[in-house]
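Colleague: Here you go, one structure.
Readers should treat all values here as calculations from the given coordinates under stated rules, not as data from a laboratory. What you see is a predicted model; the values in this text were computed from it and never measured. Using ideal geometry, Cβ is built from the backbone for each residue, glycine included, and neighbour counts are taken over all protein chains shown.
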Amino acid sequence: MIQVLKRYGRHHRHVLAATLVQLARAPLASAMTIAAIGITLALPTGLYLVIDNLQRVSRGWDTGGQISLFLKRDATEAAIDKLAERIRRVRAVARVEVVSRAQALAEFKRMSGFGDALNVLDRNPLPAVLVVHPTSKLSAEGSRSLLQDLRGYDLVESAQLDLEWVQRLYALLGLAERAVWALGALLSLAVLLTVGNTIRLAVSNRRDEIEVMKLMGGTDAFIRRPFLYSGVIHGVLGAAVTWLILAVIQWFLSDSVSELAWSYDSELRIEGLTVSASVALLVVGAFLGWVGSRLTVSRHLRAIEPT
Amino acid sequence: MFASAVHMIEFHHVFKRYPGEYDALKNVSFKMERGEMAFVTGHSGAGKTTLLKLISLIERPTRGQAIVNGKNLAKLAARRVPYFRRELGIVFQNFKLLFDRSVYDNVALPLIVTGVEAREVGKRVRAALDKVGLLPKERLNPVVLSGGEQQRVGIARAIVHRPALLLADEPTGNVDIVLAEGILDLFLDFNNHGVTVLIATHDQRLINRAHKRMLVLTHGEIAHDSAESAQAAQ
């Protein structure tokens, strides 16, 4: 058993070395394939990075939105202050602003331009409002259940959750994330074709060798192996090229981003791929290389039989 | 399976027809014992090469039963073919050497595909090259060798894995008579060491010199088998 494993390991080392030699023999063709894979993978990976950075930046924003509580018109100022105080103690609430009826009217006059029209009215039609800011940790779901709780207070006439633009941003990011997956799937297919084409050429270049190996009793698995190695190596190196491309772009953009961030008085900067994302990228590259090569090589080996 | 213990090759009424063509082999029946040596001869197109292709499973018989080294060739699964071929050594008319690697690596190929240990590979390859007198040229690319030398590289590759059956298709087709005799001596020597040897050739001088069994093919049929006529004479 150990003997068999040893033999297997030895064989794989041998194949790996032979494959590297083959790659080194045709460096230009290999380099072009690797570059093509690298550029193909750079697109979805780069988009992923953009979205990842946007999500990171927007994480600090009010995901919970804000809740406006319109109070009954007969509520006294003392009762309003008492309610505001109670709501401030709710755990999900960060801050409560009180807008009295007079303040509401003044603001409305200023903002709407209907000031004169309002003068016609003999009494203030606007209710007092409590503007509730949930804590930033609160999700959109949490905000909605908070809204339900706040509606329950006697003094509250109606309540409104204003989530819109944050929700829109998140919906947009979610959409973009899906688009990355779709694009990634499509471009993975392109990588399979690129690897497949390279391997197809390699198989036809080594036709004589394959024929002789079949005559010498080489099994299909044995003959296939160097091509699978070659596919994996192309895939991994292609993924490494993707990594390099993104690193260069990040470096290229970092100056303008920090300038922009400085103007906003912010610490904003672009984050590159994390270690685990980098490893995942290489694994994906290896996997695509293996699959692309496997699909091609099986089909073409069958066609080569000694005559 | 008792018969296969005695016979290396058993052909019973074997036919081979290539698609859209005449019968390349017609009703061929013969047996070859393990350790025997024989020549197949006949005019060009008589079916010598087809016979060797059937035995090495490059082609399958159209009809009839062919048993080689205990395996029924019509029934052997495609995935078993590589293991079947490992028991064979084949010397090709056109050598089939690989010119992207050294003489040494060409000869090592049958050992590499079967996963023989590196140290063992070196020993066996050098022994095989020594046998055919090419040990000093192991590092060269076969493309710089003469036709006779390339043929001997092919022979070294065919015997390096100690096959039970050695097949050769016109092994002396490209060399002069002196070299041809040297090559024949190699085959006689392998046969003395117990290897079953079947050589397809039209070189009558070689056959006469070897004093071995001769099968004559004419238009795909066995027209003469020296073993049978010897029996008849007794």
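Colleague: Once Lys and Arg get +1 and Asp and Glu get -1 on their Cβ, which of B:76, B:175, B:106 lies farthest toward the positive end of the dipole of region B:62-185?
Modeller: B:76
Colleague: Take the Cα atoms of region B:115-155, build their convex hull, and give its volume per residue in Å³. It would help to have the intermediate numbers written out before the result.
Modeller: On the way: hull volume 3.2 nm³, N = 41.
Hull volume normalised by residue count: 78 Å³.
Colleague: Return the long-range amide H neighbours of residue B:221 (sequence gap of 5 or more, or a different chain), with a cut-off of under 5 Å between placed amide H atoms.
Modeller: Those lying under 5 Å, H to H, from residue B:221 are B:26.
Colleague: For the protein assembly as shown, with only Lys/Arg (+1) and Asp/Glu (-1) charged at the beta-carbon, what is the dipole magnitude about the Cα centre, in debye rounded to 20?
Modeller: Values: 65 positive and 51 negative charges, 318 e Å.
It comes to approximately 1520 debye.
Colleague: What is the helix-to-structure angle for A:101-112, meaning the angle in degrees between its Cα long axis and the longest Cα principal axis of chain A, kept from 0 to 90 and rounded to the nearest 10?
Modeller: 60
Colleague: Related question: Any chance you could check the Cα centroid distance between region A:1-69 and region B:1-70 for me, in angstrom?
Modeller: 54
Colleague: Counting only helical runs of four or more DSSP H residues, what would the 222 nm mean residue ellipticity of chain A come to if each run contributes -39,500 (n - 2.57) and the total is spread over all its residues?
Modeller: Here the helix-only value at 222 nm equals -25500 deg cm²/dmol.
Colleague: Using a simple spin-label model with points 7 Å from Cα along the Cα→Cβ vector, what separation in nm is obtained for residue B:44 and residue A:79?
Modeller: For the pair residue B:44/residue A:79, the computed spacing is 11.7 nm.
Colleague: Now for a different question. Choose one of A:104, A:127, A:216: the residue whose Cα lies farthest towards the positive end of the charge dipole of chain A (beta-carbon charges +1 Lys, Arg; -1 Asp, Glu; about the Cα centre).
Modeller: A:216
Colleague: Shifting gears a bit: Could you size up the charge dipole of region B:122-234 around its Cα centre, putting +1 on the beta carbon of Lys and Arg and -1 on that of Asp and Glu, and report it in debye to the nearest 20?
Modeller: 640
Colleague: Can you compute the charge dipole magnitude of region A:205-307 about its Cα centre, using +1 on each Lys and Arg Cβ and -1 on each Asp and Glu Cβ, nothing else charged? Give it in debye, rounded to the nearest 20. Mind showing how you got there, number by number?
Modeller: On the way: 9 positive and 10 negative charges, 165 e Å.
My answer is approximately 800 debye.
Colleague: Now for a different question. Starting at the first residue of region A:290-302, write each ³J(HN,Hα) from the Karplus equation 6.51 cos²θ - 1.76 cosθ + 1.60 with θ = phi - 60°, in whole Hz, x for Gly and Pro.
Modeller: Taking θ as phi minus 60°, the curve returns 5, 5, x, 6, 4, 4, 6, 5, 4, 5, 7, 5, 4 Hz for region A:290-302.
Colleague: Right, another one. Please give me, ordered by residue number, the GluC sites (Glu not before Pro) of region A:170-279 that lie in loop per DSSP and have at most 14 other Cβ atoms within 10 Å.
Modeller: Taking region A:170-279 and a limit of 14 other Cβ atoms within 10 Å, the loop GluC sites (Glu not before Pro) found are A:267, A:271.
Colleague: Could you give me the ³J(HN,Hα) list for region B:190-204, computed from phi with Karplus coefficients 6.51, -1.76, 1.60 and θ = phi - 60°, whole Hz, x at Gly and Pro?
Modeller: 4, 4, 4, 8, x, 7, 6, 10, 10, 10, 8, 7, 10, 8, 5
Colleague: In addition: Cα to Cα, under 20 Å, and not fewer than 8 places away if on the same chain: which lysines meet these conditions relative to residue B:212?
Modeller: Within the straight-line cut-off, residue B:212 pairs with B:31, B:48.
Colleague: Which of the lysines could a cross-linker bridge to residue A:6, judged by Cα under 29 Å and excluding same-chain residues fewer than eight apart?
Modeller: Straight-distance partners of residue A:6: A:214, B:123.
Colleague: Springs between alpha-carbon atoms under 10 Å, Gaussian network over chain A: tell me which of A:46, A:285, A:142 tops the mean-square fluctuations.
Modeller: Maximum fluctuation in the GNM of chain A, among the listed residues, is at A:142.
Colleague: Per the Cauchy relation, a quarter of the hull surface: what is the mean projected area of the convex hull of the alpha carbons in region A:264-307, in nm²?
Modeller: It is 4.9 nm².
Colleague: Specify the residue with the greatest mean-square fluctuation among A:193, A:228, A:28, computed from a Gaussian network of chain A linking alpha-carbon atoms under 10 Å apart.
Modeller: A:28
Colleague: Moving on. Would you please calculate the Kirkwood hydrodynamic radius of the protein assembly as shown over all C-alpha pairs and express it in Å, rounded to one decimal?
Modeller: Here the Kirkwood hydrodynamic radius works out to 30.6 Å.
Colleague: If one takes the longest principal axis of the Cα atoms in chain B, at what angle in degrees, from 0 to 90 and to the nearest 10, does the Cα axis of helix B:103-113 lie?
Modeller: Once rounded, the angle reads 60 degrees.
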